[in-house]
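Below is one structure, written out as structure tokens; the observations come after it.
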Amino acid sequence: MKNIDAKTHVSGTSVYLDDIPLIQGTLYGAALGSPVAHGVLHQLQLEEALREPDVIRIFTAADIPGDNQIGGIIKDEPLLASDHVHFCGMPIAFVVARTREAARAAVKKIKADITPLPVITDPREAQAQNQLIMPPRTFSQGDTEQAWRECAHVFAGAVDINGQEHLYIETQGAYVVPQENNSLRVYSSTQGPTAVQRTVSTTLGQPMHRIEVVVTRLGGGFGGKEDQANTWAALCALAAWHLGKPVKYALHRMEDMAMTGKRHPYMADYKIGLDSSLNIIAYEVTFFQNAGAAADLSPGVLSRTLFHCTNSYYIPNVHATAWSCRTHLPPNTAFRGFGGPQGMFVIEAAIAHAARVLQIDAAVIQQKNLIKTGDEFPYGQIAQSEAGACWQKAATLYDATGWKQAVDAFNATHRLQKKGLAFMPVCFGISFTNTMMNHARSLVHVYTDGSVCISTGAVEMGQGVNTKILQVAAQIFSIRADRVKLNPTNTINIANTSPSAASATADLNGKATLMACNAILERLKEVAATALDTKADAVTIVNEQVLVNREPTGWDWQQLVSAAFTKRVSLSEHAHYATPEIHFDTVKEKGHPFAYHVYGTAILEVTVDCLRGIYKMDAVKVVHDFGSSMNPDIDRGQIEGGIVQGIGWMTMEEVIFDKEGRLRSNALSTYKVPDIYAVPEEIVIDALRSTADNLAIFRSKAVGEPPLMYGIGAWFALRNAILQFNPEADIPFITPMTPEKVLMALYSNKEKGIIQQHEATTSHLGIDQ
Amino acid sequence: MPLLDFIRYHQHLTGTKAGCNEGDCGACTILIGDLHNGELRYRSFTSCLTPLGNARGKHIVTIEGVSMPSLNPIQQALIDNSATQCGFCTPGFVMSLAGFCLSRQVPKRRRAIAAIDGNICRCTGYKSIEKTASIIANFVKQRNETDPVTFAVEQQILPSWFSGIEERLKKLTLSLNGEPAAAGTPIVGGGTDLYVQKPEDIREQSLRFFFDDPSLKGISRQGNKCIFGASSTATDLLESAVMQEYFPQLENYIKLVSSTPIRNMATIAGNFINASPIGDLTIFFLALDTTLEFNTGRILPLRQLYKGYKQLNKTEEEYVCRCWFELPDKDTLFHFEKVSKRTHLDIASVNTAICIRMQDGYISKARISAGGLNPVPGLLTDTAAFLEGQIPDDALVQQACAIAQKEISPISDARGTADYKRLLLEQLIKAHFITLFPSLPIQV
């Protein structure tokens, strides 16, 4: 089944935030972001801006009637700066005017008196100065101290991982329309309608029942709108509350890029130990997460880094510590993978390091150490592993041996072009790592004509969750898909939702829908049983026909619904689902946090132009643990999109802040995401159809985040290609592997090559200006 | 006002999306139809950078204008291939592919892909979109010699009223009375730079629109010279028979320059006058020693246009009318190189072109242009002088690279560190020689 939104998408009639027809009198907002990354805010000079034509009012922190606080996990972030600024782009004032243009023009006329304070952009520096979001966390199993003594080989090194801009093509925005009785309707481009509701409620000091949040769909989210849509909704709500007028703010791209957080940059130190048979027996890692100026979702992201610090491998002795470091960057936030990718990059770097020194293929170490069913993850959960099955199938199906020979042959015959191969296994846990968030509700109405509408807390952002929920209802009722409609997500229909995130949205909301549909179905069967003089368990519905003991009865779906209504039987149900079995003890850092894991293996090939330092992605071939896919079209799209987004993060997407904390890659002209020429020439995806019972909806394992991490293999494939050209190459574990990094590495340590990698000039945080 | 704002916020046609406001994402792609030598021609434009003034006398087509009660084959193919996820970029892809269907070039898969090279999708990973493009290319192959608009209407790619557009445009053109704008009014060509740099400043300003001035158009050969109008676009250049004849690699070079809609909009003289240190076409034409003619009649070599960073050897009232350069003869070798973070639709880290004349195995004349290395785009004159009178070999290239290092003063910025740009220039000079003299054993 195709995505149910596809038809309106291709005809341009899908409605996004900026497309909502405006109510007369709508005013337009624009935020002033701090021009300084850290400083004391003395005062704002607003007079000149207020004199601009069409400007209605400028709101500052003093105008906030409730708490000036938008922090979710930790209350550490004001909506509008009042006395200090903590990052460039931090909202200081909110202009409201009759036109967009007037609001933006007035923003430029505001003068902020700020005394600059020292700026920290480096997480290690923040950690050294004890600038922490929260105390560090440590996961451990076994005894690494003891284990080092048993190692035949020990390697240690450092890693520097850059962030990633979400670059959803629809920018952030909100449109707030006052309603009667001091209520507000908030249209928001958010993955978390309840978070928006709570934030508006807190900042206005009004009960949540006065705030209605409506989301039809997003033009992309990727985590960037999980928590960071709150700001714009709260600003528009603030203005609408005071003025009694509708207020809208759809951010300009450069505002969005400058003011919102991104995937967390990480630095890390690792130490890996192997025995003489190449079993990894000890691993120690310290992560320095660059959280930015406020907590946002960083504590959650940090935990997933720890959960995935051993990726697909079983390591008996692990000691992993993570520091969430407060710097003066915009608060970094959720991004597909949610800290997992950074954790995985470090273990892959450690393995690549070991393999290079031991002069073996990294794949040998990778394969040897894949986690098996019954092995324990460092956080205590026992693996139900498909890691080996995925690897084996990929190696066989894609003829890894022949492939490697072909690459070797190519490299032997090409002087200025070199190919590199890399394996990338992935293991990703499904569930919010914060156990209390794993619940959802669904409200299903069957109307008297037999049509069905469904409301859930799921937000459609292209991942096809609405299509999957529709499939659940159509399958349970056994009715035509076009009888079912999904409603826009609305906090009035479904309350207290978790955001659409963690790859778990279809599972959670699908299961709740399944329960609601089943409850209605049971009542309908009772109605049929009574009317047809049989027992309810003899009644089934197949293709809209009511059967008794599998024999047609002449009744159809419509007739059944009509009969139930006549008998005054409820045709509506509101069901609640909470994932069973999961638990986690954050004191012991042990438990069973995930409903299940998704596994997979990718093999990637790249070709490097060793003259110019540019490269192309030849192929990515994957065996992915689908479970039993509910919708192969949608799932394939998620995997292909995830792979390319992951490759983008590892290769060309370079978030550049200067030492003053100003974003230099602040537009699409300076921040490059993959275009159609940059994608792998070939992407092959094969399904590992695991049929084991699991907690996924209809056993269809989640597919949103895991594929992104296949892209990590691109970095290592490039590294392998560079080593083919220059076996002595100095290739520090710094991401992304831009053409610049490739060229510098190709000619590093070569006789005439002047070039050595210098941390000061290659670190993403340290470019000279 | 940019055309996008007019479409979305004045006409309330919300199918055209605002994504980046700088022509880099393609969500706002529309088609513009005009009469070109009396023949109806459609090209894709990013409406965020299209001056509303450039819409005068044209047919503007948005997603609403290609949508019919039933889906057209482009829309259907996108759905069949699951090539839409969040959907925000999708109308732009539909329009770019509609532009491909309406283009007169021979339909091929790589051209269908090229038609969407200015459209960014963050969800799909493009493989499903590539498949869609292949299907559309195959579909259009059935067209044979039929006029593209006729074919598109017959096949219900476009609504039937498209057949009447040519007549309506002819009438529209006749009824237009262009008044000369006041002297001193800023000049707009394609708008692709001006609307990125200062959209607010020019929003309410009166402007002179030169994009469609027929006297500033045309690319032709006169004797051994190629003469082109200042408002010729990069696409005009790509499609010019003269250029194709004398530069067999033209398509490969131009593919490295921005994207299809931007090439449809951006003028060559605009690239010169913008004075960007890394203007791709500037680098291309510097190596060809191009000459400029201003409206005042003054003649100036392109290499003398730049006095300093963004400072031009030109008065405010002067504008470029036409340009010319000597076409390469059989002994002249030309090559263009560009490297950027993303190979396509990106600004160069370093770009360079070379033009050398060979005589009896010797280099008799050499010009090497380079961008991204100095405050202005320019020629590496010392390097070129060193090469003249020499036989090309590895030692010569290595020495030329060393001399080139003394002619540049790159800075570290978002496009790369100074060290990287120095190394990259060296590599690209070697790439010139490896390409032009494939048998030379040049050490890299």
message: For the range B:47-83: of the residues being more than 9 Å from chain A (Cβ to nearest Cβ) and without any contact (Cβ under 8 Å) to a residue 40 or more places away in the chain, which is surrounded by the most Cβ atoms within 10 Å (Cβ to Cβ)?
response: B:61
field: Among (1) surrounded by 22 or more Cβ atoms within 10 Å (Cβ to Cβ); (2) away from chain B (no Cβ under 14 Å), the one test that residue A:692 misses
entry: (1)
Qualifying residue in the range B:307-316 (condition: among the acidic types (Asp, Glu) and more than 26 Å from residue B:357 (Cβ to Cβ)): yes
- prompt: Does the range A:449-468 contain any residue that is surrounded by fewer than 19 Cβ atoms within 10 Å (Cβ to Cβ), at negative phi and touching a residue at least 60 places away in the same chain (Cβ under 8 Å)?
  reply: yes
task: Provide a single number: the residues in the range B:387-397 that are touching a residue at least 40 places away in the same chain (Cβ under 8 Å) and either at the interface with chain A (Cβ under 8 Å from one of its Cβ atoms) or surrounded by fewer than 16 Cβ atoms within 10 Å (Cβ to Cβ) (or both).
output: 2
field: Options B:348, B:370; residue that is among the hydrophobic types (A, V, I, L, M, F, W, C), in contact with a strand residue (DSSP E or B) (Cβ under 7 Å, 6 or more places away or on another chain) and within 14 Å of chain A (Cβ to nearest Cβ)
entry: B:348
task: State yes or no: is residue A:625 on the phi < 0 side of the Ramachandran plot, under 21 Å from the mean Cα position of the chain (by Cα) and within 7 Å of chain B (Cβ to nearest Cβ)?
output: no
message: Which count do you get for residues in the range B:416-441 that are assigned to a loop (DSSP other than H, G, I, E, B), surrounded by fewer than 21 Cβ atoms within 10 Å (Cβ to Cβ) and within 11 Å of chain A (Cβ to nearest Cβ)?
response: 1
message: Just to verify a result, which residue in the range A:668-689, among those that are among the aliphatic types (A, V, I, L, M) and closer than 25 Å to residue A:342 by Cβ, is farthest from the other protein chains (Cβ to nearest Cβ)?
response: A:685
- request: Only residues that are of a type in the set (Ser, Thr, Tyr) and in a loop (DSSP other than H, G, I, E, B): list them for the range B:287-344, please.
  value: B:290, B:296, B:309, B:315, B:319, B:340, B:343
Residue in the range B:18-42 that is surrounded by the fewest Cβ atoms within 10 Å (Cβ to Cβ), counting only those that are facing chain A (nearest Cβ under 8 Å) and either of a type in the set (Asp, Glu) or within 18 Å of residue A:676 (Cβ to Cβ) (or both): B:22
One residue from B:113, B:60 being β-branched (Val, Ile, Thr), at pLDDT 95 or above and under 20 Å from the mean Cα position of the chain (by Cα): B:113
task: State which residue is surrounded by the fewest Cβ atoms within 10 Å (Cβ to Cβ) when the search covers only the range B:238-255 and only residues that are in contact with a strand residue (DSSP E or B) (Cβ under 6 Å, 6 or more places away or on another chain) and farther than 16 Å from residue B:354 by Cα.
output: B:242
Within the range B:403-415, considering residues that are farther than 17 Å from residue A:741 by Cβ and facing chain A (nearest Cβ under 10 Å), the one farthest from the chain's Cα centre (by Cα): B:405
- line: Scanning the range B:355-386 for residues that are polar (S, T, N, Q) and buried (at least 21 other Cβ atoms within 10 Å of the Cβ), the one farthest from the chain's Cα centre (by Cα) turns out to be B:383
- request: Would you be able to say whether some residue in the range A:646-661 is touching a residue at least 60 places away in the same chain (Cβ under 8 Å), more than 23 Å from the chain's Cα centre (by Cα) and buried (at least 20 other Cβ atoms within 10 Å of the Cβ)?
  value: yes
- request: Answer yes if at least one residue in the range B:295-314 is surrounded by 18 or more Cβ atoms within 10 Å (Cβ to Cβ) and closer than 29 Å to residue B:439 by Cβ, and no otherwise.
  value: no
query: Among the residues of the range A:597-610 satisfying the criterion of being crowded, with 24+ Cβ neighbours inside 10 Å and hydroxyl-bearing (Ser, Thr, Tyr), which is farthest from the chain's Cα centre (by Cα)?
result: A:601
- request: List the strands (runs of 3 or more DSSP E) that sit entirely inside the range A:1-66 and contain at least 1 residues that are within 14 Å of chain B (Cβ to nearest Cβ).
  value: A:27-33
task: Filter the range A:662-685 for residues that are more than 30 Å from residue B:48 (Cβ to Cβ) and buried (at least 17 other Cβ atoms within 10 Å of the Cβ) and give the result.
output: A:683, A:685
- line: Going through the range A:110-130 in order, the residues found to be in a loop (DSSP other than H, G, I, E, B) and surrounded by 18 or more Cβ atoms within 10 Å (Cβ to Cβ) are A:110, A:119, A:120, A:121, A:122
query: Going through the range A:729-752 one residue at a time, which ones are in a loop (DSSP other than H, G, I, E, B) and either at pLDDT 95 or above or buried (at least 17 other Cβ atoms within 10 Å of the Cβ) (or both)?
result: A:729, A:730, A:731, A:732, A:735, A:736, A:737, A:738, A:747, A:748
statement: Of the residues in the range A:323-380, those that are more than 20 Å from the chain's Cα centre (by Cα) and among the basic types (Lys, Arg) come to A:326, A:356, A:368, A:372
Any hit, the range B:89-109, residues being surrounded by 24 or more Cβ atoms within 10 Å (Cβ to Cβ), assigned to a loop (DSSP other than H, G, I, E, B), out of contact with any Phe, Trp or Tyr (no Cβ under 7 Å at 6 or more places or on another chain) and facing another protein chain (nearest Cβ under 8 Å): yes
- prompt: Restricting the search to the range B:110-132, which residues are more than 10 Å from every other protein chain (Cβ to nearest Cβ) and either within 14 Å of residue A:169 (Cβ to Cβ) or surrounded by fewer than 24 Cβ atoms within 10 Å (Cβ to Cβ) (or both)?
  reply: B:110, B:111, B:131
query: Hey, any hits in the range B:269-284 for a residue that's touching a residue at least 60 places away in the same chain (Cβ under 8 Å), more than 16 Å from residue B:372 (Cα to Cα) and not basic (Lys, Arg)?
result: yes
query: Given the conditions (1) under 14 Å from residue B:324 (Cβ atoms); (2) in contact (Cβ under 8 Å) with a residue 24 or more places away in the chain; (3) surrounded by 19 or more Cβ atoms within 10 Å (Cβ to Cβ), and given that residue B:289 satisfies all but one, which numbered condition is not satisfied?
result: (3)
statement: Considering the range B:15-34, residues that are within 20 Å of the chain's Cα centre (by Cα) and farther than 19 Å from residue A:667 by Cα, and then whichever is modelled with the lowest pLDDT, we arrive at B:34
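The values are calculated or read from the model by the stated rules, or taken from the named source; none is laboratory data. Small disclaimer: the values here were computed from a predicted structure and weren't measured. Using ideal geometry, Cβ is built from the backbone for each residue, glycine included, and neighbour counts are taken over all protein chains shown.
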